[in-house]
Amino acid sequence: MEDRFAYGLNPKKLGAVSAYLCDPASAPAEFLLTKSQYQAETGRAVERGALFFQIRQAFPPGEVTPEEANKIGYETAMRWTKGKYQFFVCTHIDKGHIHNHIYYNSTAQDCSRKFHNFIGSSFAVRRLSDRVCIEHELSVIQNPKQHSKGRFLHYGQWIGEKPPSAQQRVRLAIVEALGQRPADFPAFLRLMEESGFQVKHGRGGAISFLAPGQDKYTRLRASTLGPGFDPDDIRAVIAGERPIPEFPKDGPAPARRVNLIIDIQERMAQGKGPAYERWAKVYNLKQMAAALQYLREHDLMDYDALAASTEAAVDRAHKLAGELRDTEAALSKTSELMGAVVQYAKTRPVFDGYKAARYSKKYLAQHEAELADYRAAKATMNDLLGGAKLPKMDALKKERRELSEKRKALYVEYRKAQAEMRQAVAVKANIDHLLGHTDGRENKAQER
């Protein structure tokens, strides 16, 4: 850390410097002091993981002065760390282009958390840097060059592949245990224990696993481990009703939504003060910069293309919503039919006995509830089938399983399409406001 900071603060390279919550000259000691306080307050070791992180930000020759570049670097660091981490910005002028070295502590100033680098962080920080530059009317790289094989090198390739996380280890152990074809769920849990995991039974039947060498249990549920790793899914795999789950694919963090700009005149008429007006102008500037960045990324520099793209995003989201409703209705119908079939099979012997007793009133009085359930089940089956032939139970189970899988896939696709629709509609509304297209601002999504 001292070597890296000394490189950044080299007076032969340095053109400007700024800092937040620390003194660059004593930054190594201050960073370590924050880490020792974190360890004392939380009891968590700080030896593992990164001591600090660095962001490099470069500008074309002659576009900015060292002071302007340093200011932009400071703003980028503040928005990236949200003011929760110590950082300092060193602006170098020793190359043909001015560039920033931004160093920030991996431990938060209030000792509440550590910064965990995530998959896709390079894309996220690049988007943020581009947005800040657009707000300051500076250029950005339209199509960043990629490394060999058509992709960017991720962080793990610079430091060596990281060991798998606790969730990854639990998923791998679950797949291996299911591959041994346990007879039932308790047998599956025993296989997990034999592989070195501790099994914890919580309230409401919750199951958690503690990976060897980990301090925190990992809950067995889809929201934690991914689709297919819910207890019901595991039981379905054991019963042979579905295949062994696949590992979820990690992707870059989703981009922040573009929000609608504020009608300042309307808000000021409501009695807002000068401070609100200043804030609203800055807010609108950021939203328009985000809209411009969206247009550049999607190559929508023509208004008609923007309108067509927005229309397509709205149509796709509503089409998926319709498919999702139809799938849920079919799934509900199939589940209801299966329940009626089971109830019919349970109560059919009672009705046969009633029939054999020549519809005796005494028999009716003794089995009135069962006979009522039989009639209700039969009526439900007739309504749902509509005269069609009753499928076999195995076929109904297969249909329900397929519909359930389709619903899960549609939910994922619909949420993504909905987010894209909202962003496209917000961008178009902001562009309409900028161009003065205020007539008929109600967009198609709002009408529907």
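At-a-glance table
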read-out	value
Qualifying residue in the stretch 343-352 (condition: out of contact with any strand residue (DSSP E or B) (no Cβ under 7 Å at 6 or more places or on another chain), of a type in the set (Ser, Thr, Tyr), closer than 30 Å to Leu295 by Cα and in a helix (DSSP H, G or I))	no
Subset of the stretch 1-15 [aliphatic (A, V, I, L, M) and either within 17 Å of Tyr104 (Cα to Cα) or part of a helix (DSSP H, G or I) (or both)]	Met1, Ala6, Leu9
Qualifying residue in the stretch 285-298 (condition: open to solvent by 20 Å² or more (accessible area, probe 1.4 Å), under 21 Å from Gln418 (Cα atoms) and not in a helix (DSSP H, G or I))	yes
Test: residue in the stretch 200-215 that is open to solvent by 70 Å² or more (accessible area, probe 1.4 Å) and modelled with pLDDT of 85 or more	yes
Check on Arg79, under 22 Å from Pro11 (Cβ atoms) and either outside any loop (DSSP other than H, G, I, E, B) or polar (S, T, N, Q) (or both)	no
So Gly386, is it without any contact (Cβ under 8 Å) to a residue 40 or more places away in the chain and within 30 Å of Lys428 (Cα to Cα)	no
Number of the condition not met by Leu33 [criteria: (1) in contact (Cβ under 8 Å) with a residue 60 or more places away in the chain; (2) within 29 Å of Lys216 (Cβ to Cβ)]	(1)
Test: residue in the stretch 249-257 that is of a type outside the set (A, V, I, L, M, F, W, C) and either at pLDDT 90 or above or open to solvent by less than 40 Å² (accessible area, probe 1.4 Å) (or both)	no
Scope the stretch 21-54; condition under 30 Å from the mean Cα position of the chain (by Cα), on the phi < 0 side of the Ramachandran plot and not in a helix (DSSP H, G or I); matching residues	Arg44, Ala45, Val46, Glu47, Arg48, Ala50, Leu51, Phe52, Phe53, Gln54
Hits in the stretch 218-232 (condition: open to solvent by less than 40 Å² (accessible area, probe 1.4 Å) and part of a loop (DSSP other than H, G, I, E, B))	Leu220, Gly226, Gly228, Phe229
In the stretch 110-138, the residues that are modelled with pLDDT under 85, within 23 Å of the chain's Cα centre (by Cα) and aliphatic (A, V, I, L, M)	Ile119
Residues being open to solvent by less than 100 Å² (accessible area, probe 1.4 Å) and either part of a helix (DSSP H, G or I) or more than 10 Å from Ile238 (Cβ to Cβ) (or both) - total across the stretch 180-192	7
Filter pass, Gly62 being surrounded by fewer than 16 Cβ atoms within 10 Å (Cβ to Cβ) and either within 28 Å of the chain's Cα centre (by Cα) or assigned to a loop (DSSP other than H, G, I, E, B) (or both)	yes
The stretch 367-393 - residue that is open to solvent by 80 Å² or more (accessible area, probe 1.4 Å) and part of a helix (DSSP H, G or I) and, of those, farthest from Gly322 (Cα to Cα)	Glu368
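Yes/no per residue for (1) of a type in the set (Asp, Glu); (2) under 17 Å from Tyr103 (Cβ atoms); (3) modelled with pLDDT of 90 or more:
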residue	(1), (2), (3)
Arg44	no, no, no
Arg48	no, no, no
Arg56	no, yes, yes
Gly62	no, no, no
Glu67	yes, no, yes
Asn70	no, yes, yes
Glu75	yes, yes, yes
Thr81	no, yes, yes
Lys84	no, yes, yes
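For every residue, the table says whether it meets (1) surrounded by 15 or more Cβ atoms within 10 Å (Cβ to Cβ); (2) part of a helix (DSSP H, G or I); (3) among the aromatic types (Phe, Trp, Tyr).
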{"site": "Ala395", "(1), (2), (3)": "no, yes, no"}
{"site": "Arg400", "(1), (2), (3)": "yes, yes, no"}
{"site": "Lys406", "(1), (2), (3)": "yes, yes, no"}
{"site": "Leu410", "(1), (2), (3)": "yes, yes, no"}
{"site": "Tyr414", "(1), (2), (3)": "yes, yes, yes"}
{"site": "Ala419", "(1), (2), (3)": "yes, yes, no"}
{"site": "Val425", "(1), (2), (3)": "yes, yes, no"}
{"site": "Asn430", "(1), (2), (3)": "yes, yes, no"}
{"site": "His433", "(1), (2), (3)": "yes, yes, no"}
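The values are calculated or read from the model by the stated rules, or taken from the named source; none is laboratory data. Owing to the predicted nature of the structure, the values given are computational and were not obtained by experimental measurement. We place every Cβ from the backbone using ideal geometry, glycine too, and count neighbours over all the protein chains shown. All accessible areas refer to the heavy atoms of the entire protein, side chains included, with ligands and DNA or RNA removed. Shrake-Rupley method; radii C 1.70, N 1.55, O 1.52, S 1.80 Å.
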